[in-house]
Amino acid sequence: MRSFTYERAATPQQAARAVGGKPGAKFIAGGTNLLDLMKLEIETPTHLVDVQDLPLGSIEETGEGGLRIGAFVSNTALSAHPRIRRDYAVLTRAIQAGASGQLRNKATTGGNLLQRTRCPYFYDTNMPCNKRSPGSGCAAIGGFSRQLGVVGVSDKCIATYPGDMANALAVLDAVVETVQPDGATRSIPIGAFHRLWGDTPERETALEKGELITGVVLPAPPGGRHFYSKVRDRASYAFALVSVAAVIQPDGSGRVAFGGVAPRPWRSKQADDALPLGAKAVIQQAFADASPRDDNRFKIALAERTLAGILAEVGS
Amino acid sequence: MKFDAPAGKTIVDDPTVIGKSTRRIDGPRKTTGTAPYAYERHDVVSGQAYGYIVGSAIARGRITAMNLDAARKAPGVIAVIAATETEPVGTSPFNTAPLFGGRDIAHYHQAIACVVAETFEQARAAAALIRTTYDRDAGDYDLAKVKDGAKIAPGWSVPEDIQRNGNFAEAYAAAPVQLDQTYTTPDEAHAMMEPFATIAAWEGDKLTLWTSNQMINWSKRALASILKMPAENIRLDSPFIGGGFGGKLFIRADAVLAALGAKAAGRPVKIAMQRPLMFNNATHRPATIQRVRIGTDADGRILAMGHECWSGNLPGGSAENGAAQTRALYSGPDNLTVSYISRLDLPEGNAMRAPGEAVGHLALEVAMDELAEKLGLDPIEFRLRNEPERMPGDPSKRFSGRHLVECLREGADRFGWSARQSRPASVRDGRWLVGMGVAAGYRGAPITKSAARVSLDNAGRVRVETDMTDIGTGSYTIIAQTAAECIGVPLDQVRVDLGDSRSPVSSGSGGQWGAASSTAGVYAACVELRRMVAEKFGMNADTARFEGGRVVDGKTRRRLAEAGPLSAEGQMDYGDFQNDYDMGTYAGHFAEVGVDAYTGEVRIRRMLAVCDAGRILNPLSARSQVIGAMVMSAGSALMEDLVVDKRFGFFVNHDLAGYEVPVHADIPHQEVVFLDTLDDVISPLKAKGVGELGICGPGAAIANAVYNATGVRVRDYPITLDKLIDKLPDVA
Ligand SMILES: Cc1cc2nc3c(=O)[nH]c(=O)nc-3n(C[C@H](O)[C@H](O)[C@H](O)COP(=O)(O)OP(=O)(O)OC[C@H]3O[C@@H](n4cnc5c(N)ncnc54)[C@H](O)[C@@H]3O)c2cc1C
Ligand code: SF4
């Protein structure tokens, strides 16, 4: 870990300015991802702006019947909130399928969206990795890629966005709210928040330098039945091989997003539209452009079977 | 004291302390954080500086240059020792690749430097400033590729690890029913909670290491030869160990670098190996490829048994002999078991809990299941039909105490085995396909000489000192129980001091020999103390009874305390008569699993082990040993997998997020039953180890249950869902 300076921000805009104005500056919220990466010198910020005490820790009703979740609401508090549990159960289920109780107590809504990939080569600084050190190559291509992406990946990087919460936010049509160093605010639909890797896998989201997530807005509840199926090699405390977030309406229509397969929660209109036709039809749409490796090809069949399990439960 | 014939009457035949479930006497120290683990021994020596290890970035080749300037100038740095500036350290019989020094790189993350600084953070930050360049050599990293050039591996005490009786090839070819299958097991990591950790301090030419080590005397001698100094100038102290599983049988880089770092810094140095280095710097259990061929007659009597196992290691490294248990388990007049080894340039493979047998069962006991199905026999019945009279691999040996049949029968009753459907994939519970599996378990019960000092003070308190270790197993407690029993004092009057190389040399902890051997050594010392007490009181040592803090002989009755202070040393040695026996432990392992019909996820529902290991010294801690081993076996069946990158030659998933071991949610229910048996060939306590028995078989029972649930046989471990889903029934 490199030495760094540290400050606590008083207001969101001041925080944005503090990071925006300093090369090498970063926000720190719960620290559960950033500190691990700093210890390994995968992240080497020179200045940390601690934002977790900013007054963005509550969940409020919006005029449209939805909810505004402050950026620093903990994963535990969010998943336990009565309105979330009642009206947005897919979100509760997704969060509780992730990490461990201790981590969820510390992890924040904003930080969770920005957690970085779990590609094992990204974690080993002896290995080439375009995401960690642009232009160095990708050790995962041709190596151990069982956990990695099958769709939306590029020949520069085949990593996944590993998180759970965002998959639920994707099917809820959530919007990420931000403030920039100059005080301007933005609303970024969740589907446009995480970027595909393309030629610049080091650029992972739509955020600009110094842009602070202030909250996440959920539109009015979508109704329907809510599912989150997370598939993994052990029963708990592991990242998804594949996860499926779904909201299914009584008429069989609905929304579906896949986690653990792509640089972002993998949702498309075509896949949603295919839901009434069954799992196979959805997968044909969602994974039409898939480019799996030999050791992760199973993820496509797994995604189909996992969705089939959800649809069977709807039907029964 | 020499144990040179099966035990007759002994002083512990009617025990009141031994054999009773007893809470750990060291428990309060552990739960209050006062048990001294190596890295936290702040009080043993002042001025401790922090060391941080740098590992090689390549698997094979040599260092061309190291730039150490920035690290040397970094804040807080006291010393930097680098491989390029250090002669290779000496070798020892217990490791192959040199632990430090010289430009040659033998494996990934081999230590190439150590930075010593005032704080841990400073040492870590400075270590990241070292720039190293290498010349990379090609290496062999793929067992399947090098297997064909394999040689027969050397055995523990023989030049070639092969046993054959009769003519296997002919008998197999002629057998009416045959099975020929190949199984693979991956490299596995010990993944103990406490990493390697050492504090080293020099006083002149004398070196003290406060460390975490299972085998104090081996390691003292190894360190002497590695550092090229007299063993008598070295003291090792390791009273508490946060898990080792064989990984801490030996001196590793933490100890060597702490010693060299302390010399360079001129002050004590402490090092804990950082977790990401633990998988490639340390040893691991080597992967295996195992071919099992079994031929039977139509009634399921084994005529020919063949088990061949291939593994790889660095030059001079040992083999993982998966065929070991096959020599003992089932009859079959014509048999062949052999362990082959090839050179691989991966990190060094070495002992991990039940070396050989743990993974051997994953092959043999699944093959038995496959063959039972072929024969139309219940897998338990098939095993019962092949219960041998003498050891099949070496018919000159009788079994010292063997109750495998009872283990399987009692297990079947308790588990509700009769409810198992022999046709696979026929039980469904909602979305779960449910199945049951069984496996036999065998693990050798080696015993070895062990010494202790037992002292009595004038308050009637007893103190035991030995360099025996407690690796979380409960040695403190069984040793206290043994002394309390032999000297006739309550347990709370016994103090036990372990892990100090200044104490009499014990068996140490490994190979499931520790409990039986170390308590026998304490027994020998107690017999000597009793003799001294009796002499002092003018009594006859053979007839005197030691009970309740008193000594009674005929009409004479004395308080034990009156004989103190006295101190006795004793060592138990073993006679050749044991060579006529195979000494082993046995188990019947049962598992029920559910396999998600959609996702192929395998989830254990319940597990049972019925164990035969002679006298169980402390049923409470023995149970802990067995359930822990069952968890580890479940891990090896379902998830543990050190993945080799065959291009770069290293284990990729080198942290505890990437190397998955079971969590609580994976282990919903476990039951352990100990048969009430005694083994009088092993020692006067008639007790055998159990710490490794529990990892021999449960994984195979789980694999067999997965087959029973799904009808899909996966022979390449671990059994992960990607190997199942394309063979499960269609769900879309
Ligand atoms: C062992 C382990 C297991 C885990 N398992 C799972 C799992 O199964 N599923 C899962 O989804 N997650 C899992 N996680 C990840 C965990 O959910 C994240 O670490 C956590 O959500 C990050 O939140 P944080 O507040 O601690 O972020 P931090 O570590 O503080 O920050 C993460 C990043 O976000 C930036 N940041 C933080 N807040 C803001 C903001 N408001 N605006 C702009 N940038 C910001 C920081 O600069 C940093 O780059 C696991 C983590 C660990 C350590
Ligand atoms: S997949 Fe991406 S994160 Fe992984 S090594 Fe390649 S570039 Fe790096």
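The values are calculated or read from the model by the stated rules, or taken from the named source; none is laboratory data. Values in this document were obtained by computation on a predicted structure and should not be read as measured data. Neighbour counts are summed over all protein chains in view; Cβ atoms, including those assigned to glycine, are modelled from backbone coordinates with ideal geometry. When the accessible area is computed, the model is the full protein with side chains, heavy atoms only, and any ligands, DNA or RNA have been set aside. Shrake-Rupley method; radii C 1.70, N 1.55, O 1.52, S 1.80 Å.
Mind listing whichever residues of segment B:486-505 are touching a strand residue (DSSP E or B) at 6+ places or on another chain (Cβ under 9 Å) and in a helix (DSSP H, G or I)?
Residues of segment B:486-505 that are touching a strand residue (DSSP E or B) at 6+ places or on another chain (Cβ under 9 Å), as a first pass: B:486-489, B:493-505.
Hits for segment B:486-505 are B:Cys486, B:Ile487, B:Gln493.
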A:Pro134, sole failed condition from (1) within 14 Å of chain B (Cβ to nearest Cβ); (2) more than 23 Å from A:Asp294 (Cβ to Cβ); (3) within 16 Å of ligand 2 (Cβ to nearest atom): (1)
For segment A:302-309, check the following and say yes or no: at least one residue is among the small types (Gly, Ala, Ser), crowded, with 23+ Cβ neighbours inside 10 Å, away from ligand 2 (no atom under 16 Å from the Cβ) and away from chain B (no Cβ under 14 Å). no
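Does segment A:279-296 include one or more residues that are at positive phi and either at pLDDT 95 or above or part of a loop (DSSP other than H, G, I, E, B) (or both)? Spell out the reasoning first.
Initial filter on segment A:279-296 (at positive phi): none.
Scanning segment A:279-296, I find no residue that is at positive phi and either at pLDDT 95 or above or part of a loop (DSSP other than H, G, I, E, B) (or both), so the answer is no.
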Residues in segment A:116-156 that are open to solvent by 30 Å² or more (accessible area, probe 1.4 Å) and within 14 Å of ligand 1 (Cβ to nearest atom) total 5
Does any residue in segment B:579-603 that is within 22 Å of B:Cys696 (Cα to Cα) come within less than 7 Å, Cβ to Cβ, of a residue that is among the hydroxyl-bearing types (Ser, Thr, Tyr) six or more places away or on a different chain, and which pairs are these? B:Tyr581/B:Ser400; B:Asp582/B:Ser400; B:Met583/B:Ser400; B:Gly584/B:Tyr442; B:Tyr586/B:Tyr442
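Yes/no per residue for (1) more than 14 Å from chain A (Cβ to nearest Cβ); (2) over 26 Å from the mean Cα position of the chain (by Cα); (3) in contact (Cβ under 8 Å) with a residue 12 or more places away in the chain; (4) in a loop (DSSP other than H, G, I, E, B):
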| site | (1), (2), (3), (4) |
| --- | --- |
| B:Ala125 | no, yes, yes, no |
| B:Leu129 | no, yes, yes, yes |
| B:Thr133 | no, yes, yes, no |
| B:Ala138 | yes, yes, yes, yes |
| B:Val146 | yes, yes, yes, no |
| B:Gly155 | yes, no, yes, yes |
| B:Val158 | yes, no, no, yes |
| B:Arg164 | yes, yes, yes, no |
Unmet requirement for B:His654, which otherwise passes all of (1) open to solvent by 30 Å² or more (accessible area, probe 1.4 Å); (2) facing chain A (nearest Cβ under 9 Å); (3) part of a loop (DSSP other than H, G, I, E, B): (1)
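Name the residue that is nearest to B:Val690 (Cα to Cα), counting only residues in segment B:413-452 that are of a type in the set (Gly, Ala, Ser) and open to solvent by 20 Å² or more (accessible area, probe 1.4 Å).
Once the filter is applied, the top-ranked residue is B:Gly416.
Just checking: which of the strands (runs of 3 or more DSSP E) contained wholly in segment A:145-256 hold 3 or more residues that are away from every other protein chain (no Cβ under 14 Å), more than 16 Å from ligand 2 (Cβ to nearest atom) and more than 26 Å from A:Cys129 (Cα to Cα)?
Working: elements: A:175-179, A:185-189, A:212-218, A:225-231, A:242-248.
It comes to A:175-179, A:185-189, A:212-218, A:242-248.
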Looking at segment A:162-184, which of its residues are under 18 Å from A:Arg203 (Cα atoms) and out of contact with any helix residue (DSSP H, G or I) (no Cβ under 9 Å at 6 or more places or on another chain)? A:Pro162
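Do we find a residue being hydrophobic (A, V, I, L, M, F, W, C), within 12 Å of chain B (Cβ to nearest Cβ) and touching a Gly at 6+ places or on another chain (Cβ under 7 Å) anywhere in segment A:275-285?
Pass one, segment A:275-285, residues hydrophobic (A, V, I, L, M, F, W, C): A:275, A:277, A:279, A:281-283.
In the following step, the residues that additionally are within 12 Å of chain B (Cβ to nearest Cβ) were identified as A:277, A:279, A:281-283.
Next, from what is left, pick out any that are touching a Gly at 6+ places or on another chain (Cβ under 7 Å): none.
Scanning segment A:275-285 turns up no residue that is hydrophobic (A, V, I, L, M, F, W, C), within 12 Å of chain B (Cβ to nearest Cβ) and touching a Gly at 6+ places or on another chain (Cβ under 7 Å).
Between B:Gly649, B:Gly658, B:Gly694, which is farther than 30 Å from A:Cys138 by Cβ and of a type outside the set (S, T, N, Q)? Talk me through it step by step, then tell me what you get.
Details: B:Gly649 fails: farther than 30 Å from A:Cys138 by Cβ; B:Gly658 fails: farther than 30 Å from A:Cys138 by Cβ.
Just one listed residue meets the conditions, B:Gly694.
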Is it the case, given these coordinates, that B:Val644 is in contact with a strand residue (DSSP E or B) (Cβ under 7 Å, 6 or more places away or on another chain) and under 30 Å from A:Gly98 (Cα atoms)? yes
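State yes or no: is A:Ser100 of a type in the set (S, T, N, Q), more than 14 Å from chain B (Cβ to nearest Cβ) and more than 16 Å from ligand 2 (Cβ to nearest atom)? Spell out the reasoning first.
On the way: of a type in the set (S, T, N, Q): yes; more than 14 Å from chain B (Cβ to nearest Cβ): no; more than 16 Å from ligand 2 (Cβ to nearest atom): yes.
When the stated conditions are applied, A:Ser100 does not pass them.
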Of the residues that make up segment B:571-593, is at least one at pLDDT 95 or above, surrounded by fewer than 24 Cβ atoms within 10 Å (Cβ to Cβ) and within 14 Å of another protein chain (Cβ to nearest Cβ)? no
Of the residues that make up segment B:293-312, is at least one buried (at least 24 other Cβ atoms within 10 Å of the Cβ) and under 19 Å from the mean Cα position of the chain (by Cα)? yes
